[in-house]
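The values are calculated or read from the model by the stated rules, or taken from the named source; none is laboratory data. Keep in mind the model is a prediction, meaning the values are calculated, not measured. Quick reminder, even Gly has a Cβ in these numbers, built from the backbone with ideal geometry, and neighbours come from all protein chains shown. Note: accessible area is taken over every heavy atom of the protein model, side chains too, but ligands, DNA and RNA are not part of it. Shrake-Rupley method; radii C 1.70, N 1.55, O 1.52, S 1.80 Å.
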Amino acid sequence: MTSRNLPFFATLVVFVVAWALCAAQFPAMLSTRVAANLITDNAYLGVAAVGMTFVILSGGIDLSVGSVIAFTGVFLAVTVRAGLDPIAAILLVLVITTAFGAVMGAMIHYLETPAFIVTLAGMFFARGVCFLMTTDSIPIDHPTWDALLSVSWKIPTGGRLTLIAGIMIAATLVGIVLAHLTRFGTYVYALGGNRTSAELMGVPIARTTIAIYALSGALSGLAGLVFALYTSAGYSLAATGVELDTIAAVVIGGTLLTGGVGTVAGTFVGVMIQGLIQTYIIFDGTLSSWWTKIAVGGLLFVFILLQRVLVHLAGRSRDRLVPAT
Amino acid sequence: MDNAEPLLLSLRGLTKTFPGVTALDGVDFDLRAGEVHALLGENGAGKSTLIKTLTGVYVRDGGSVHLQGTPIAPADTADAQRLGIGTVYQEVNLLPNLSVAENLFLGREPRRFGLRDARRTEAMARDLLVGYGLDIDVRRALGDCSVAVQQIVAIARAVDLSGKVLILDEPTASLDAGEVVTLFAIVRRLTARGIGVIFVTHFLDQVFALADRATVLRNGRLVGTREIAGSNRLDIVKMMLGRELETETMKRHRRQVVDAPPVVSARGLGRRAYVQPFDLDIRPGEAIGVAGLLGSGRTETAKLLFGIKQADRGALAVGGKPVRISSPRAAAALGFGFCPEDRKTEGIVGDLSVRENIALALQARRGWLRPLGRTESRALADRFIRALDIRTSDAEKPIRLLSGGNQQKALLARWLATEPRFLILDEPTRGIDVGAHAEIIRLIERLCDDGLALMVISSEIEEIVAYADRVVVLRDRSHVRTLEGEAVNVNDIVRAIAAEAVPGAAA
């Protein structure tokens, strides 16, 4: 174990210890039903966080995630109500969100504008388009939709893995393969490690940047679909601030905000920790749900502190070898 | 040397101009297959311009480049690499967060079913590095490896990608003596394979240890190329410094020898791989000149004394009391001042006025709770503008609009305003015109007469001779000699800079 994956193991330990503590108080939390629900309830967050992991690994940020999730829900609700087949609507919206991400990536690269600004603009733009389509919460009601909702896989001892839980797990697995086993994944890490070096070493910067934001757009769209399935509605004000939850999950999952270091698996655990806190609050029944935010905030501080300490230590050990000239 | 050896690379009349500067002026340079050719010159001599022209970072304005007889014009670094010219920079340009194997094969890793074949990449990386005598875990993150290993990985990648010409741009600056030996063994192994190596360095010992030939540039012009076998150190240093030793020594301003206790007294002060431990006493009213080639540890010595880098050994006493200087702030509190070498990036704040620039250090010393009033800082600025004859129409003029010499004087005023006991000037006359030169030198003498202890780093040996009471000579990051009294003359200083050192005592 090197200092680089220490944050991931720290996250894993926090998750296991937290679950053990919860289970000690509420033995029911050990059931597969609770586990399956944990995944289902946080599926949209998990899917979006996979995309955010790639963005942050490359040294960027994507603030448009929450708005794109809302846009996807509203777009699905409006088009299905207008008579479009849900499957066609889903495919269409995924193409739109992917293209939206790609355009943001192209702007970031070619206009040499910070990702923060471009995706902030994207956030307002996507949210604005939601309100343009409708200001109401529109239910999605279609036989195909109901069929999608009824898809689930039984797991032993009573749990049920819903379609959206399946989507989240699949997205995470694909993300893991993409990050660690493809050339694209290496390019993402290279970009986050040092952009200038990556360019000198022949990494196609433009193509990779655009692909990263397109991927984040696509996964935000998929997260929007998951969210729409979860709520069976599209609403312009939905998922506000979700981009910040995903960033929190990514950072808690051990990815350095400065890029270059982190894992998709860590992000999955980061999402699960947030879900676990929520589940505990539901089991407890007396705590306000806002305690989730407080706990997440506290965890973030701890993990950022941990990262600074590690970065500082790594810097010190190298410093001994490199004199300035 | 056998002149029948084929020419691998041949540069003829290479010219490159930037607005206002001719960086390269008709330079010829040859590289034979299997030779190490050192490229030498002081700052601004044109070494890096030549390298960058060769690697496609710059496009040349004139002249020709032939690689194995074929004219080439690399469009960018990737193009140069494809042609066979690979470069390894002092600051390793690889990715610290990726593994050694990933760094070696980034963008060309073997794949299976469309996925990266990590196992084969690692096996290939191991095979490649064994050829360099390196047996390490190739799955380790590169950033966790020592700089020497990173350097070797960078060389392995460059050679594997290019394989004809390898440019090493100050590869040893961050290495210790043992690592340098390892690196040299690797370079020799590469030349045995017929690769031509261009070796850019400041360390003369290393040139004599490794290179077959040396080419010296000065002010963008070719001074000459020498076979190392038939040259001595003095010849090369003379070529680099561009002066004949017979030059008439400048008249030295004589001062009373001060016998006061030292203001600053260092004993065995040093930092690993930065500056070798040194002893130094500086008395009030004394000017210590620091001479040496670029990269010899001059600026490093100053940075250590001023707390920009912390010493990891030795002791320092100020006014007889032992102190530990942990930051420039602490140094300033002790009455130290430091005018850095590069005043544009480390000294002046271009958009602030002359007045604000002068008041800066004094304000920093007083702390933000006791702001310096406008009237007060105005009076301060006016006093120094008069005292140092800083030519500006107005104290409120942004300092970037002033000439180099006047900027330098304003910087000096900044530190003088804090009434220091000990002032370090790093290259105070660089980049300023001749008239201003003389003024700065007069100023230095006046400051000494006022009882200030001064340390002046300079590449201009005649200047050092003009004002220094003692001269410390540095070579390869150690203080090798201190010259006093009659020995402070151009001849002896140049000889001390060029003297033979223990072989391999680099870094």
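Here are a few things to note about the model shown:
- Members of the range B:399-428 found to be more than 24 Å from B:Glu300 (Cα to Cα) and in contact with a Leu (Cβ under 7 Å, 6 or more places away or on another chain), listed by number: B:Ile399, B:Ala417
- Matching residues, the range B:381-411, being part of a helix (DSSP H, G or I) and closer than 10 Å to B:Arg355 by Cα: B:Ala381, B:Asp382, B:Phe384, B:Ile385, B:Ile399, B:Ala410
- Some residue of the range A:263-272 being within 14 Å of another protein chain (Cβ to nearest Cβ), open to solvent by less than 70 Å² (accessible area, probe 1.4 Å) and at pLDDT 85 or above: yes
- Selection within the range B:466-495 - open to solvent by less than 10 Å² (accessible area, probe 1.4 Å), at negative phi, in contact with a strand residue (DSSP E or B) (Cβ under 8 Å, 6 or more places away or on another chain) and in contact (Cβ under 8 Å) with a residue 40 or more places away in the chain: B:Tyr467, B:Ala468, B:Val471, B:Val472, B:Val473, B:Leu474, B:Val488, B:Ile493
- Exactly one residue among B:Ala45, B:Ala78, B:Ala101, B:Ala118 is closer than 23 Å to B:Thr225 by Cα and assigned by TED's automatic domain parsing to the domain that holds B:Ala211, and that residue is B:Ala45.
- For B:Leu166, the requirement of being modelled with pLDDT of 90 or more, touching a helix residue (DSSP H, G or I) at 6+ places or on another chain (Cβ under 7 Å) and within 30 Å of B:Arg218 (Cβ to Cβ) is met.
- The residue of the range B:132-155 that is surrounded by the fewest Cβ atoms within 10 Å (Cβ to Cβ), among those that are touching a residue at least 24 places away in the same chain (Cβ under 8 Å) and away from chain A (no Cβ under 13 Å), is B:Gly133.
- B:Leu104 being more than 7 Å from chain A (Cβ to nearest Cβ), aliphatic (A, V, I, L, M) and under 19 Å from A:Arg195 (Cα atoms): yes
- Residue that is farthest from the chain's Cα centre (by Cα) [pool: residues in the range B:395-411 that are touching a residue at least 40 places away in the same chain (Cβ under 8 Å) and open to solvent by 30 Å² or more (accessible area, probe 1.4 Å)]: B:Glu396
- Condition check for B:Glu109: modelled with pLDDT under 85, surrounded by 17 or more Cβ atoms within 10 Å (Cβ to Cβ), in contact with a helix residue (DSSP H, G or I) (Cβ under 7 Å, 6 or more places away or on another chain) and farther than 30 Å from B:Thr201 by Cα: yes
- Just one of the numbered conditions (1) more than 10 Å from chain A (Cβ to nearest Cβ); (2) surrounded by 14 or more Cβ atoms within 10 Å (Cβ to Cβ) is not true of B:Gly62: (2).
- Filter pass, B:Leu115 being among the hydrophobic types (A, V, I, L, M, F, W, C), in contact (Cβ under 8 Å) with a residue 12 or more places away in the chain and touching a helix residue (DSSP H, G or I) at 6+ places or on another chain (Cβ under 8 Å): no
- Scope the range A:163-217; condition within 30 Å of B:Val57 (Cβ to Cβ), more than 14 Å from every other protein chain (Cβ to nearest Cβ) and open to solvent by less than 20 Å² (accessible area, probe 1.4 Å); matching residues: A:Thr209, A:Ile212, A:Tyr213
One line per residue, one yes/no per condition, for (1) at positive phi; (2) of a type outside the set (Phe, Trp, Tyr); (3) modelled with pLDDT of 95 or more; (4) crowded, with 20+ Cβ neighbours inside 10 Å:
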| position | (1), (2), (3), (4) |
| --- | --- |
| A:Asp62 | no, yes, yes, yes |
| A:Val65 | no, yes, yes, yes |
| A:Ile69 | no, yes, yes, yes |
| A:Phe75 | no, no, yes, yes |
| A:Pro86 | no, yes, no, yes |
| A:Val93 | no, yes, yes, yes |
| A:Ala99 | no, yes, yes, no |
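- Looking only at residues in the range B:271-303 that are open to solvent by less than 10 Å² (accessible area, probe 1.4 Å), under 17 Å from B:Ala331 (Cα atoms) and of a type in the set (Val, Ile, Thr), the one that is farthest from the other protein chains (Cβ to nearest Cβ) is B:Ile282.
- Here the condition is being among the aliphatic types (A, V, I, L, M) and free of Cβ contacts under 8 Å to residues at least 40 places away in the same chain; of A:Leu76, A:Leu149, A:Leu92, it holds for A:Leu92 alone.
- Filtering the range B:433-441 for residues that are open to solvent by 10 Å² or more (accessible area, probe 1.4 Å), within 28 Å of B:Gly335 (Cβ to Cβ), part of a helix (DSSP H, G or I) and touching a Phe, Trp or Tyr at 6+ places or on another chain (Cβ under 6 Å) leaves a non-empty set.
- The criterion of being touching a residue at least 24 places away in the same chain (Cβ under 8 Å) and open to solvent by 40 Å² or more (accessible area, probe 1.4 Å) holds for A:Thr258.
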